Amino acid sequence: MSPVFPMLTVLSMFYYMCLRRRARTATRGEMNSRRAIESNTRALPINVEIVQYAKEVLDFSSHYGSENSMSYTMWNLAGIPNVYPSSGDFTQTAVFRTYGTWWDHCPSARLPFKRTPPTFCSQDYVELAFEEQVYPTAVHILETYHPGAVVRILACSANPYSQNPPAEVRWEILWSEAPTKVNGPQARQFTPCIKQINFPTNLIRLEVNSSLLDYYTELDAVVLHGVKERPVLSLKTSMIDMNDIDEDEDEEKYGCGMDTFNKQFSIVTLREWSTNGYFDKLPYELIQLILSHLTVPDLCRLAQTCKLLYQHCCDPLQYIHLSLQPYWARINDTSLEYLQSRCTLIQWLNLSWTGNRGAISVSGFSRFLKVCGSELVRLELSCGHFLNETCLEVITEMCPNLQELNLSSCDKIPPQAFNHIAKVGTLKRLILYRTKVEQTALLSILNFCSELQHLSLGSCVMIEDYDLIASMMGAKCKKLRSLDLWRCKNITESGIAELASGCQLLEELDLGWCPTLQSSTGCFTNLARKLPNLQKLFLTANRSVCDTDIEELAANCTHLRQLDILGTRMVSPASLRKLLESCKDLSLLDVSFCSQIDNRVVLELNANFPNVFIKKSFTQ
């Protein structure tokens, strides 16, 4: 046999396995449903089923509501239903922060990471604790408005109420499916067919993707059905499907557990071929380009085939951009240790959602950044609850070139720790949504990080004087292009005036749910006149927005693409027509609960301006 063929055979086999797994992934929801039904038919009725609502909300990535109230917050998922079976927009439900694709088409939008596996599409999550550990037999999700966002349901082996933390935390996917478009916003009980797992659980995680929705999805309650004893399967073999056996073999081979995942990173004994066939004739760069289309686990598997491909798969140039968020359940200190030698040139790193419940330690994170942080430009750490002051100190010391830092929902970081961020004078993007950053630390950051272009301070409840913060932004952050002040509790017309005068490059401004801003002071008129580059303006739930404000926007902000004036009582159809005629690029207009804009007006505007998505929410 020619020496060319062994190498081609190895690659062909690998390519074939990837195609098979990808094909199965595309119908994984259907297969899991079938397997779950068959499993249920095989289970012997030896247990009484326990039905329980969520006892507590343990963690979540975002919510629409305030940190100091219950309206539209994830905490509404605890307990019995508040709204179901009614449909509509209700404050007693759980609502995530975003919906649709609007957030991907605004100035603050971030570039996506490549190599994200097609099976991972989650944008947000919420974790729920239940009273008793059970082997799940069903999960009911009560959706009351714009259903269809849930894409994954997972169960955890750890008991959040146990005094003794487990040696290993396992997560198992009960159900998974790509986002789907549901016809109509009406309430429904969503009960997907789930697969059986081999451990009891009282910790359920929902992951959502709202990109196909026309408005915010609203969840009312989650019901967990299960039995105390592990169901015993009958010995009948007639129900066994060959595809099930095939997939199980693949799972055993490749592994879903953390240990197996980490072994994929480790060095293995490789057979050395006398020749690598045509690969010896291919330029190194071309092989690198081919491998750049593989996901991280696929790279690790291919690295175990031969020394040549091992060399390519471990080349640091393959890890310039690395997102570990899709593998959040399997990343720990050992994973980071294995990756260190491959990530010496890394520039973008996404560790969002990883490391919780002790999976990543402060020392493990610090060791990784000390080796791999020198070239980092972008660092995503959303919902990283292992982060503390030491971690932020290491980031500022080991990442001198850092330009983007995302600490969204890192609510365990102590307030004083944020002072360290001021040392990173190269920052251009800083996301502090739902953190405990205090005023003193933020003033220091604004003073020393004058290159900031994108800043998110949404739901930062520990800032006492937003006018002072806005004044500092106007004086120091002249390059600011987007600013999120969602639910800031005390900014006034004085702060808005300082901001508009000093940050005239602003293209995006979120002032939603800022109750101290009043149109009668001229603050919104001043914004429209001083910020002609505005593309996105959210004035959500400000009842004082009036026709004068809309007309000023129409006259001065002709590049406007997104406008949210939900809840105003003082805007007429005539002013909206002027806006729509003037702002040719407008694509989103939210007039929900605007008392002068009824459904008839919305239908008329939709007919005359078909390129604009005009949203009118309702409550039944």
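Would you compute, from DSSP H runs of 4+ residues alone, the mean residue ellipticity of the chain at 222 nm, taking -39500 (n - 2.57) per run and dividing by the full residue count, rounded to the nearest 500?
Calculated mean residue ellipticity at 222 nm is -8500 deg cm²/dmol.
Just to confirm a number: summing +1 for Lys and Arg and -1 for Asp and Glu over residues other than residue 553 whose beta-carbon lies under 11 angstrom from that of residue 553, what do you get?
Around residue 553, the surrounding residues sum to -2.
Using a/c under 1.5 as the rounded threshold, could you call the range 341-446 rounded, prolate or oblate? The axes a ≥ b ≥ c are square roots of the C-alpha gyration tensor eigenvalues, and prolate needs a/b larger than b/c, oblate otherwise.
Oblate, since a/c reaches 1.5 and b/c is not below a/b.
Below 8 Å, C-alpha to C-alpha, sequence gap of six or more: please give me the relative contact order for the range 49-227 in percent.
RCO, the range 49-227: 36 percent.
Against the longest principal axis of the chain, how steep is helix 389-398, in degrees 0 to 90 to the nearest 10, with axes from Cα atoms?
80
When 1/r is averaged over all different Cα pairs and the result inverted, which Kirkwood radius in Å belongs to the range 485-619?
So the Kirkwood estimate lands at 14.6 Å.
Defining a contact as two alpha carbons under 8 Å apart and six or more residues distant in sequence, what relative contact order in percent does the chain show?
Relative contact order of the chain: 10 percent.
Provide the net charge surrounding residue 127, with neighbours chosen by a C-beta distance below 9 Å and charges set as Lys +1, Arg +1, Asp -1, Glu -1.
Once all neighbours under 9 Å are counted, the net charge is 0.
Could you please report the charge total around residue 98, scoring K, R as +1 and D, E as -1 over all other residues with beta-carbon less than 15 angstrom from its beta-carbon?
-4
Quick one: divide the alpha-carbon radius of gyration of the range 393-474 by 2.2 N^0.38 Å and tell me what you get.
Normalised Cα radius of gyration, the range 393-474: 0.98.
For the range 502-562 and the range 78-150, what is the separation of their Cα centres, given in Å?
Taking the Cα centre of the range 78-150 as reference, the centre of the range 502-562 is 30 Å away.
Step through the residues of the range 148-160 one at a time and calculate ³J(HN,Hα) from phi using the Karplus curve (6.51 cos²θ - 1.76 cosθ + 1.60, θ = phi - 60°), rounding each to whole Hz and writing x for Gly and Pro.
x, 7, 5, 10, 8, 10, 10, 10, 10, 6, 6, 9, x
For the chain, with all protein chains present and a 1.4 Å probe, just round the carbon and sulfur fraction of the accessible area to a whole percent.
Carbon-and-sulfur percentage of accessible area, whole number: 53.
So if R0 is 25 Å, what FRET efficiency would residue 92 and residue 518 give, r being the distance between their Cβ atoms, rounded to the nearest 0.05?
0.35
Let me check against my output: what whole-number percent is the relative contact order of the range 319-463, with C-alpha pairs under 8 Å and at least 6 apart?
Here the relative contact order equals 18 percent.
Give me the angle, in degrees from 0 to 90, between the Cα long axis of helix 466-476 and the longest principal axis of the Cα atoms of the chain, rounded to the nearest 10.
80
Treating the beta-carbon of each Lys and Arg as +1 and of each Asp and Glu as -1, no other charges, what is the dipole magnitude of the chain about its Cα centre, to the nearest 20 debye?
That gives a dipole near 860 debye.
Expressed as a whole percent, how much of the Cα-Cα distance distribution for the chain exceeds 46 Å?
22
At 1.4 Å probe radius, can you tell me the per residue accessible area of the chain in Å²?
On a per-residue basis, the chain sits at 42 Å².
Using only the Cα atoms of the range 449-489, build the gyration tensor, take square roots of its eigenvalues as a ≥ b ≥ c, and label the shape rounded, prolate or oblate: rounded if a/c is under 1.5, else prolate if a/b is larger than b/c, else oblate.
Cα axes put the range 449-489 in the oblate bin.
Under a cut-off of 26 Å between alpha-carbon atoms, report the lysines in cross-link reach of residue 530, not counting same-chain residues fewer than 8 places apart.
Cross-link targets: 428, 476, 478, 479, 489, 578, 584.
Cα gyration tensor of the range 511-551, axes a ≥ b ≥ c as square roots of the eigenvalues: rounded (a/c below 1.5), prolate (a/b > b/c) or oblate?
Oblate.
The values are calculated or read from the model by the stated rules, or taken from the named source; none is laboratory data. The shown structure was predicted, so the numbers you read here are calculated from the model rather than taken from an experiment. All Cβ positions, even for glycine, are placed from backbone atoms using ideal geometry, and neighbour counts span all protein chains on display. The accessibility values were calculated without ligands, DNA or RNA, using every heavy atom of the protein model including side chains. Shrake-Rupley method; radii C 1.70, N 1.55, O 1.52, S 1.80 Å.
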